[in-house]
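> My structure is below; once you've seen it, I'll send some questions.
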Amino acid sequence: MRTAVLSDIHANIQALEAVLKDSREQGADRFWMLGDYIDYGGSPVETMERLETFDISQMIAGNHDACLYLESVRSSATPHGRKAYEFTRAVVRENRRRFSMLETIVHRPMAYIPECGTLLVHGTPEDPYWGKFQAGDDPEDLFHAMEERDVRLMLMGHSHTSFLLTKDGRRIINPGSVGQPRDGCPEASYVILDGDTVIFRRVKYDIGGAADAIQKAGLPEYLWQRLYTGR
Ligand SMILES: [Fe+2]
């Protein structure tokens, strides 16, 4: 079985389409999703509609998804983050049924799969919505949390940067971001798991189309310009 692990799509339908095409070509037959399906990008409705067209085995919520429904998850945002949130919230309110899939998972930022000792978490086990761990940070606390929970593999999103860390047979993987990479490479990022093999994939996509959608939504320049630089 080949599992495609996708995170942080952020309403970028162009990037999602490219990743789905690539993952099918790579033989992926199972999909695990690590949250932040919408917000920042200009195509929240299209993104949620597309996610309903195929079978997703595991789907957890990110902070951006939960913020739309749960007061307790909201946090202060930058001015452009605030603008994006207001746009997305208005779209969700006008198209509530289109987002019902999201509504059912917002209380679920973490999922444990006992048969393979795998933990999916958007942020970190201690702070599943907002906890940010990036490549270069000290992973000791994360490995300790894995030991306590008998986790062999932890899949995490949120930082929009891809990495793989190993210790004593345990592994931590971040597949990077499908729709808003921030590691200096603008190509969409995701991972394929095939047994013990981890394949990091980068996929070119129609960045111009994604940038247009953000402009049409009336969102700040910063949000589409960063797609071109992957920052
Ligand atoms: Fe995100």
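The values are calculated or read from the model by the stated rules, or taken from the named source; none is laboratory data. This is a predicted model, so every value here is computed, not measured. Don't worry about glycine lacking a Cβ; one is built from the backbone with ideal geometry, like all the others, and counts go over all protein chains shown.
> Across the range 160-177, what is the total count of residues that are in a loop (DSSP other than H, G, I, E, B) and either more than 12 Å from the ligand (Cβ to nearest atom) or without any contact (Cβ under 8 Å) to a residue 60 or more places away in the chain (or both)?
Residues that pass the stated criteria total 3.
> Could you grab me the full set of residues in the range 16-46 that are touching a residue at least 60 places away in the same chain (Cβ under 8 Å), within 16 Å of the ligand (Cβ to nearest atom), more than 12 Å from the chain's Cα centre (by Cα) and assigned to a helix (DSSP H, G or I)?
V19
> Hey, any hits in the range 123-141 for a residue that's in a strand (DSSP E or B), within 13 Å of the ligand (Cβ to nearest atom) and surrounded by 14 or more Cβ atoms within 10 Å (Cβ to Cβ)?
Within the range 123-141 (the criterion being in a strand (DSSP E or B), within 13 Å of the ligand (Cβ to nearest atom) and surrounded by 14 or more Cβ atoms within 10 Å (Cβ to Cβ)), the answer is no, since none of the residues qualifies.
Conditions (1) under 26 Å from Y40 (Cα atoms); (2) part of a loop (DSSP other than H, G, I, E, B); (3) modelled with pLDDT of 95 or more; (4) within 11 Å of the ligand (Cβ to nearest atom), marked per residue:
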position	(1), (2), (3), (4)
D150	no, yes, no, no
L155	yes, no, yes, no
H158	yes, yes, yes, yes
G179	yes, yes, yes, yes
R182	yes, yes, yes, yes
C185	yes, yes, yes, no
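> Let me ask something else. When both residues are 6+ apart or on different chains and their Cβ atoms are under 8 Å apart, which pairs have a first residue that lies in the range 197-222 and is loosely packed, with under 14 Cβ neighbours inside 10 Å, and a second that is among the β-branched types (V, I, T) and modelled with pLDDT of 95 or more?
I199/V191; I199/I192
> Further question: Only one residue in D196, D212, D206 is over 27 Å from H107 (Cα atoms), modelled with pLDDT under 95 and not polar (S, T, N, Q), so which one is that?
On inspection, the qualifying residue turns out to be D196.
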